[in-house]
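A short worksheet on the structure shown next.
The values are calculated or read from the model by the stated rules, or taken from the named source; none is laboratory data. No experiment lies behind these values; they were computed from the predicted model shown. All Cβ positions, even for glycine, are placed from backbone atoms using ideal geometry, and neighbour counts span all protein chains on display.
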Amino acid sequence: MAKPTRNPLAELNTLPIFLHEARNGNTKAAKRLLMDLASRLHVGGTLTKAESQWLGVSLMAIAEGEDPKKVLYLKKHPGRPRGHSEEFQRLIATSVHYSAAGRHKSINKDGLSVGAYTEVSEFFEISENTAEKYYKAHIDQIMQEQQINRALHDEND
């Protein structure tokens with residue numbers, strides 16, 4: 001029986017990815033970023049230096065009279081929305097790959113849980129089809145990295 005695979009997303013710092021997406025006009029990424037920071041602060045958690053700096057600079061700008069929606073990237077940019085960054089697409093693909101749910105879009109047989117595409121689409125607030133598209137675009141690279149990591153692990157054993 002194969003060893004369970006450790007989810008590499010467990011300790012991933014998503015701040016740079018969500019911040020980059022927010023700066024590119026992705027208001028959903030900005031909301032996700034702010035919710036994450038707020039929930040950690042609410043329970044007495046700490047922020048990284050980068051998170052503290054970004055939040056501090058943003059709050060200073062708001063205190064100086066800048067529009068909070070603009071400063072915190074909650075205001076949509078005019079025009080057509082930009083596409084997701086390569087890093088964001090890869091994050092979504094990796095999330096689908098390491099999900100314990102089946103790789104489909106419907107409700108599982110138990111009637112309570114959903115497939116990986118639905119799970120990821122709800123978390124990142126994208127469509128299931130977009131999650132599937134990103135997964136298919138990145139699966140070869142993810143599999144190659146797994147093989148390399150397995151080979152390195154076997155060498156060290």
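Side notes on the structure shown:
- Enumeration of residues in the range 117-140 that are surrounded by 12 or more Cβ atoms within 10 Å (Cβ to Cβ) and over 25 Å from Ala22 (Cβ atoms): Ile139
- Among the residues of the range 105-157, those that are in a loop (DSSP other than H, G, I, E, B) and in contact with a strand residue (DSSP E or B) (Cβ under 9 Å, 6 or more places away or on another chain) comprise Lys105, Ser106, Asn108, Ser113, Gly115.
- Filter result for Asp157 (outside the structural domain of Phe18 (by TED's automatic domain parsing) and at pLDDT 85 or above): no
- Residue satisfying all of: in the range 34-77; loosely packed, with under 11 Cβ neighbours inside 10 Å and charged (D, E, K, R); modelled with the lowest pLDDT among these: Lys49
- The set of residues in the range 112-157 being farther than 18 Å from Gln89 by Cβ and of a type in the set (Gly, Ala, Ser) consists of Ser113, Gly115, Ala151.
- The range 85-113 residues that are without any contact (Cβ under 8 Å) to a residue 12 or more places away in the chain, paired with ones that are surrounded by 13 or more Cβ atoms within 10 Å (Cβ to Cβ) and not acidic (Asp, Glu) (beta carbon under 7 Å, 6 or more apart): Ile107/Val114; Asn108/Ala101; Asn108/Gly102; Asn108/Val114; Asn108/Gly115
- Residue check: Ala101 meets all listed conditions (1) in contact with an Asp or Glu (Cβ under 7 Å, 6 or more places away or on another chain); (2) part of a helix (DSSP H, G or I); (3) surrounded by fewer than 17 Cβ atoms within 10 Å (Cβ to Cβ) but one, namely (2).
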